[in-house]
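First comes the structure, then the notes that go with it.
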Amino acid sequence: QVQLVESGGGLVQAGDSLKLSCAASGRALSRYARAWFRQAPGKEREWIAGIDWSGGSTYYRDSVKGRFTISRDDAKNTVYLQIDNLKPEDTAVYYCAESRWSLISTIEADFDSWGQGTQVTVSS
């Protein structure tokens, strides 16, 4: 099973940008889809963005379209999440996950490897 480690979170102000990283080790990255999830305080974890095994297809939750960009660099075994124009409601722990499948899924049960999460806090 692959090991995933997120980084890049922090305390920022509304309107700032962040780029989260998810580094993988343990097996080749390129065969499986990846996704980012987030869990805000007092809420359930939610899927927010996905990318297929090739990086050629991406998909976003409606509420983050236009501000979030998911990408992958297979040479570095890393998936990224660029977040622009951060809002206080983006405050959450952000998790990356690897799917059992090569195509994008939004279903949490399809993901069998998870990182420990990185905290993003946005002040108004």
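The values are calculated or read from the model by the stated rules, or taken from the named source; none is laboratory data. Keep in mind it's a predicted model, so treat the numbers as computed, not measured. Counting neighbours? That spans all protein chains shown, and the Cβs are built from the backbone with ideal geometry, glycine included. Protein only, heavy atoms only, side chains kept; ligands, DNA and RNA dropped before computing areas. Shrake-Rupley method; radii C 1.70, N 1.55, O 1.52, S 1.80 Å.
With an 8 Å cut-off on Cα pairs and a minimum separation of 6 or more residues, tell me the relative contact order of segment 1-72 in percent.
21
For the chain, which whole-number percentage of the solvent-accessible area (1.4 Å probe, protein heavy atoms only) is attributable to carbon and sulfur atoms?
47
Rounded to the nearest 5, what % of the DSSP beta bridges within the chain are antiparallel ones?
DSSP beta bridges in the chain are roughly 90 percent antiparallel.
So, with +1 on the Cβ of K and R and -1 on the Cβ of D and E, and no other charges, what is the size of the charge dipole of the chain about its Cα centre, to the nearest 20 debye?
140
Show me, for segment 69-79, the HN-Hα J-couplings you get by feeding each phi into the Karplus relation (A = 6.51, B = -1.76, C = 1.60, θ = phi - 60°), rounded to Hz, glycine and proline as x.
Taking θ as phi minus 60°, the curve returns 9, 9, 8, 9, 10, 5, 5, 9, 6, 9, 10 Hz for segment 69-79.
Solvent-accessible area of Arg27, probe 1.4 Å, all protein chains present, reported in Å² to the nearest ten, please.
About 70 Å², rounded to the nearest 10.
For Leu11, what accessible surface area do you get with a 1.4 Å probe? Give it in Å², rounded to 10.
The accessible area comes out at roughly 140 Å².
What chymotrypsin sites (Phe, Trp or Tyr not before Pro) in segment 1-88 are in a loop by DSSP, with at most 13 other Cβ atoms within 10 Å of the Cβ?
Those that pass, being in a loop and sparsely packed, number zero.
Starting from the residue with the highest accessible area, list Ile107, Ile70 in decreasing order, probe 1.4 Å.
Most to least solvent-accessible, the answer reads Ile107, Ile70.
For Arg72, tell me the accessible area in Å² from a 1.4 Å probe, rounded to the nearest 10.
For Arg72, the solvent-accessible surface is approximately 40 Å².
Solvent-accessible area per residue for segment 1-78 at a 1.4 Å probe radius, Å²?
53
Before anything else, pin down the relative contact order of the chain: Cα pairs under 8 Å, at least 6 apart, normalised by residue count, whole percent.
Contact order relative to length: 36 percent.
Cut-off under 23 Å on the C-alpha distance; same-chain residues fewer than 8 positions from Lys87 excluded. Which lysines are left, in chain and number order?
The reachable lysines, counting only those whose Cα sits under 23 Å from Lys87, are Lys19, Lys43, Lys65.
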